[in-house]
Amino acid sequence: MHPARVLPVVVLLSVSCTDEQPSGFTATTPAGTTAPLTNPQSSFPDATDSVDSPTTTTTTGEPITTTSTATTDALTGTTSTSTSTSTTSTTSTTEPETTAGVCGDGVVDGGEVCDDGDADDDACLGDCTSGQALLVLAGAGTAPALAARYVPGPGWSVGELDVDLGETALVATHLGALGAGRRATADVDAENELFWTTWSKGQPDDWAPAQPIGAFGFGIDGPALAAVAETVTLGFLGTDFKHYTALWTDGTWVPFGPLPAGMPQIQAFGPSAAVLASGTAETYAAYAGDNGKIFYSSKSSPGGAWQPSMQAPPPLVVSGLTPAALVDAEGDLLLAYVRAADGKIAVVKLLTPQNAWTVETVVDDLAITASELAFVATDDGAYYIAWKGYDDDGVYAVRGLDHDDWGAPFTVAEPATATLPPALARGIVGADAELLYVTGGALQHARLTGEDPSPPTPVPGATGLEARPAAVRVQLGG
């Protein structure tokens, strides 16, 4: 690990271009990677045990609306379709019992998904089944949005929301999860309206009916979500190209408010939405200005006021792409972004005790893209960044041990069909991270362990998708 090199908070005015390097990740170096949205004004001046086929099928859910559901066991590939009366009622398949070992001895025996040597309901439940699940939301244009859940052992359960969505966001909460998205309806008056829904770990087969997020809640980019304690912060780019936020507490949203620019009286705006990242109590917002610089703001508590935006030190970035961000275990802010000069992926870190930024680190000369990034921290403190290839539909990733210590990029998949940027989530039992992407309209899932991705597998019944998926790890039980 390299020692952290610290710089004061300054603007880096010079950038350099490098010669093209042939690779499986890119064939050319982009020179204007993204056509940004037109902005009318300027914000700133310048794992596997063999099992038999499923034998038991159960359907659950409270009657709300009629939906059709397809479910397939993750290992056998057997698919079943059912119609039920619940907003997102799903048909789940269960695996037959095999010769069981002793649950709690710390050894994963036949019939056990996991065994951590105790009876606590944590990542591994007291009965040696997974205590974690992966939730996915993905827009399907004017068709109902996808709502899916993966649990090691049982496999995938796939259903639909009661609303059509385009771009989506997901965040884990103390009750389960909260999802948000922008309508993709053909109704002009409702297009881009922001809706929200919740998933409860106490009722894992259902999502709450989707509802609008407040009056005049329309956006052209985003949304983004971040959770602290029992609250969730929302961020999005309004139809006026200005950045807005709102706070959710106890099932209620407060009215939208502005994200301040460099001065509190001026509202921040730009060509792309802001990303949100939360720590123990604080929340950060980071966005690219229309001048190609990254700006960031923060609030010290869920209900606290946003501080005026400040400029981060990276050189010019692709302003039409929202940067990726996370807060690490030490409470430091990490930003990942695409450089405008050469399309290379780079990372910089804000050391919060010193309030100083590290020197920019280019992840790898072959890590080049023209699309948005996925960025996640693992339980052991490592990181993954995933992206779509610059000049192909490949999906690639890289693992790092610190902001300035990255391995070599590796290929997750090379689809032959049009592919959307991937999403990442913390790994559930058996993996460090979970990677999801849409290619040819179908959802694919790969599990990352170290630098070894599993072969991508299609999520059964998850087709017709038109937007980048959102994914998050959640806790089961409780």
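The values are calculated or read from the model by the stated rules, or taken from the named source; none is laboratory data. Small disclaimer: the values here were computed from a predicted structure and weren't measured. Ligands, DNA and RNA are stripped out before the accessible areas are found, and what is left, the full protein with its side chains, is counted by its heavy atoms. Shrake-Rupley method; radii C 1.70, N 1.55, O 1.52, S 1.80 Å.
Observations on the model:
- When the C-alpha to C-alpha distance is required to be over 27 Å, the pairs from 201/388; 201/299; 242/299; 201/349 that qualify are 201/388; 201/299; 201/349.
- Three-way shape label, segment 257-357, alpha-carbon gyration tensor, a/c 1.5: oblate
- Karplus-derived 3J(HN,Hα) values for segment 108-113, using 6.51 cos²θ - 1.76 cosθ + 1.60 with θ = phi - 60°, are 7, 9, x, x, 9, 7 Hz; glycine and proline are entered as x.
- Taking 0.36 nm per residue of separation and subtracting the Cα-Cα distance, full extension of the segment from residue 215 to residue 457 would add 83.1 nm.
- Prolate/oblate/rounded call for segment 339-478, Cα gyration tensor, a/c under 1.5 rounded: oblate
- Carbon and sulfur %, accessible surface of segment 225-363 computed with the full protein complex present, 1.4 Å: 55 percent
- Per residue, the convex hull volume that the Cα atoms of segment 296-422 enclose (Å³): 126 Å³
- In sequence order, calculated HN-Hα J values of segment 306-311 (Karplus, 6.51, -1.76, 1.60; Hz; x Gly/Pro): 5, 7, x, 5, 10, 8
- Whether segment 132-228 is rounded, prolate or oblate, judged on the alpha carbon gyration tensor where a/c under 1.5 counts as rounded: prolate
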